[in-house]
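Written out below as structure tokens is the structure these notes cover.
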Ligand SMILES: Nc1ncnc2c1ncn2[C@@H]1O[C@H](COP(=O)(O)OP(=O)(O)O)[C@@H](O)[C@H]1O
Ligand SMILES: [Mg+2]
């Protein structure tokens, strides 16, 4: 029986944000999240809201879930007051819902039953001007969170409208200014960064942005090696492990896919040591997983964007040092060459960032790939289109 239990795969490939057995290379991010959120939860007013920003699959939801578990632990061990309330991540926030209602509901949740609350909400939403409604809700949230600090986690926050974001950030900040303890932690793709800027709420000056990018090669090694060894008593020969790391591309999602596949390989053959030949045997499963992901990402690009996408991929693979200016220029030249309006280049740059095709840390000058092998895929797709064009025109002659 014990044997069976340990045979359960501990890796967590997917986008559910289940915290993996080894959450590698996020010490700084965890420290910053914990420090700022706990500060406010303890009644401090100096901090602001937080935003976790990064391309898909880098681990934002995972960090939100980690934060929620961490705070619960701190509450259980008495390091944080029992009164602190941590609401698990909200995602799929309805487009036409006013986020004030979310904060109002959450801040009152432990006080009154939901029927009474709904009645109050309905009452509040008719007949009152928006300003009056805002003040009323603010007053309530201040009162409630003075007694019981509130942490609200919002996932997929890039889906919120700028109006909704503005309301959230204004409410939390006004509330803190009036002595309430509320903090919002938002997570979203780089698109969220643009929306925060557009919402012109105070976030840009006062909020804290935590960037969630690729993890280092050493962290990827830890994330794969430790669970295999410590939970499964499985070892991977060192050159084989290096090969895996090369293919995992420092992309957290691929790291989990590899971990899971290696685990399955060891169990299938009932072995404790994996070699290069095992990596070769695992590759097919991993590659089909990657191919699915690349296909989905690639489908998000329109035909008229492909030339610029391909050119940017080529340049980055060639090692060109390109910042925003360079990327926009490459796009503009490619568009022009194809007889299209080069003015669309700035939007293409945005899309490249938001889709995670290119990535750079704030403050860094040049972009690198989000996932290096996706750039290869983009270039291969261009070659395949060319080949097909030749095929078709060859046949029609
Ligand atoms: N620090 C990490 N180390 C190892 N694996 C991670 C780490 N962070 C996230 N993962 C894994 O990466 C994948 C994507 O994580 P997720 O939080 O869903 O990304 P996002 O919300 O940014 O799209 C999941 O399989 C998760 O288990
Ligand atoms: Mg997510």
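The values are calculated or read from the model by the stated rules, or taken from the named source; none is laboratory data. On a predicted model such as this, the values are computed, not experimentally measured, just so you know. Every residue, glycine among them, receives a Cβ derived from its backbone with ideal geometry; neighbour counts consider all protein chains shown.
Quick check on segment 181-195. Is at least one of its residues over 22 Å from the mean Cα position of the chain (by Cα), more than 18 Å from residue 98 (Cα to Cα) and in contact (Cβ under 8 Å) with a residue 12 or more places away in the chain? If you could, list the steps in order and put the result at the bottom.
Looking only at segment 181-195, we keep the residues that are over 22 Å from the mean Cα position of the chain (by Cα), and these are 181-182.
Those left that are additionally more than 18 Å from residue 98 (Cα to Cα): 181.
In the following step, the residues that additionally are in contact (Cβ under 8 Å) with a residue 12 or more places away in the chain were identified as 181.
Checking segment 181-195: at least one residue is over 22 Å from the mean Cα position of the chain (by Cα), more than 18 Å from residue 98 (Cα to Cα) and in contact (Cβ under 8 Å) with a residue 12 or more places away in the chain.
Here residue 153 fits the description: touching a helix residue (DSSP H, G or I) at 6+ places or on another chain (Cβ under 7 Å), under 19 Å from residue 97 (Cβ atoms) and modelled with pLDDT of 95 or more.
Please verify whether residue 71 is within 16 Å of residue 181 (Cα to Cα), more than 16 Å from ligand 1 (Cβ to nearest atom) and at pLDDT 95 or above, treating the condition exactly as stated.
So residue 71 passes the test.
Within segment 61-90, the set of residues being in contact with a helix residue (DSSP H, G or I) (Cβ under 8 Å, 6 or more places away or on another chain) and within 16 Å of ligand 2 (Cβ to nearest atom) comprises 62, 63, 66, 67, 88, 89, 90. Taking the criterion of being outside any helix (DSSP H, G or I) and surrounded by fewer than 19 Cβ atoms within 10 Å (Cβ to Cβ), the residues of segment 214-243 that qualify are 216, 233, 235, 237.
Among the candidates 266, 277, 307, the residue that is more than 30 Å from residue 344 (Cα to Cα), assigned to a helix (DSSP H, G or I) and touching a helix residue (DSSP H, G or I) at 6+ places or on another chain (Cβ under 7 Å) is uniquely 266.
If you go through segment 11-63 and keep only what is farther than 23 Å from residue 205 by Cβ, touching a strand residue (DSSP E or B) at 6+ places or on another chain (Cβ under 7 Å) and assigned to a loop (DSSP other than H, G, I, E, B), you end up with just 55. Residue 250 meets all of the listed conditions (1) within 16 Å of ligand 1 (Cβ to nearest atom); (2) touching a strand residue (DSSP E or B) at 6+ places or on another chain (Cβ under 8 Å); (3) outside any helix (DSSP H, G or I) but one, namely (2).
Taking segment 347-370 as the range and being over 19 Å from residue 330 (Cβ atoms) and touching a residue at least 12 places away in the same chain (Cβ under 8 Å) as the test, the residues that pass are 361, 362. In segment 26-46, the condition of being within 6 Å of ligand 1 (Cβ to nearest atom) and either within 21 Å of residue 145 (Cα to Cα) or touching a helix residue (DSSP H, G or I) at 6+ places or on another chain (Cβ under 9 Å) (or both) is met by at least one residue.
Can you spot a residue in segment 92-101 that is surrounded by fewer than 16 Cβ atoms within 10 Å (Cβ to Cβ), within 16 Å of ligand 2 (Cβ to nearest atom) and either modelled with pLDDT of 80 or more or in a helix (DSSP H, G or I) (or both)? Yes, the conditions are met somewhere in segment 92-101. Out of 382, 338, I need the residue that is in contact (Cβ under 8 Å) with a residue 24 or more places away in the chain, farther than 26 Å from residue 158 by Cβ and surrounded by fewer than 16 Cβ atoms within 10 Å (Cβ to Cβ). Which one? Result: 338 is the single residue among 382, 338 that is in contact (Cβ under 8 Å) with a residue 24 or more places away in the chain, farther than 26 Å from residue 158 by Cβ and surrounded by fewer than 16 Cβ atoms within 10 Å (Cβ to Cβ).
Answer yes or no as to whether residue 17 is modelled with pLDDT under 95, on the phi > 0 side of the Ramachandran plot and within 16 Å of ligand 2 (Cβ to nearest atom). For residue 17, the condition - modelled with pLDDT under 95, on the phi > 0 side of the Ramachandran plot and within 16 Å of ligand 2 (Cβ to nearest atom) - is met. Tell me, yes or no, whether segment 67-75 has at least one residue that is without any contact (Cβ under 8 Å) to a residue 12 or more places away in the chain and more than 30 Å from residue 224 (Cβ to Cβ). Taking every residue of segment 67-75 in turn, at least one turns out to be without any contact (Cβ under 8 Å) to a residue 12 or more places away in the chain and more than 30 Å from residue 224 (Cβ to Cβ).
Name the residues in segment 159-175 that are touching a strand residue (DSSP E or B) at 6+ places or on another chain (Cβ under 7 Å) and more than 15 Å from residue 200 (Cα to Cα), would you?
Scanning segment 159-175 gives a single hit, 175.
Yes or no, residue by residue, for (1) at pLDDT below 95; (2) assigned by TED's automatic domain parsing to the domain that holds residue 57; (3) within 21 Å of residue 59 (Cα to Cα):
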site: 318; (1), (2), (3): no, no, no
site: 325; (1), (2), (3): no, no, no
site: 328; (1), (2), (3): no, no, no
site: 339; (1), (2), (3): no, no, no
site: 342; (1), (2), (3): no, no, no
site: 362; (1), (2), (3): yes, no, yes
site: 367; (1), (2), (3): no, no, yes
site: 371; (1), (2), (3): yes, no, yes
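Residue-level analysis places residue 8 outside the set of residues that are within 16 Å of ligand 1 (Cβ to nearest atom), part of a helix (DSSP H, G or I) and without any contact (Cβ under 8 Å) to a residue 12 or more places away in the chain.
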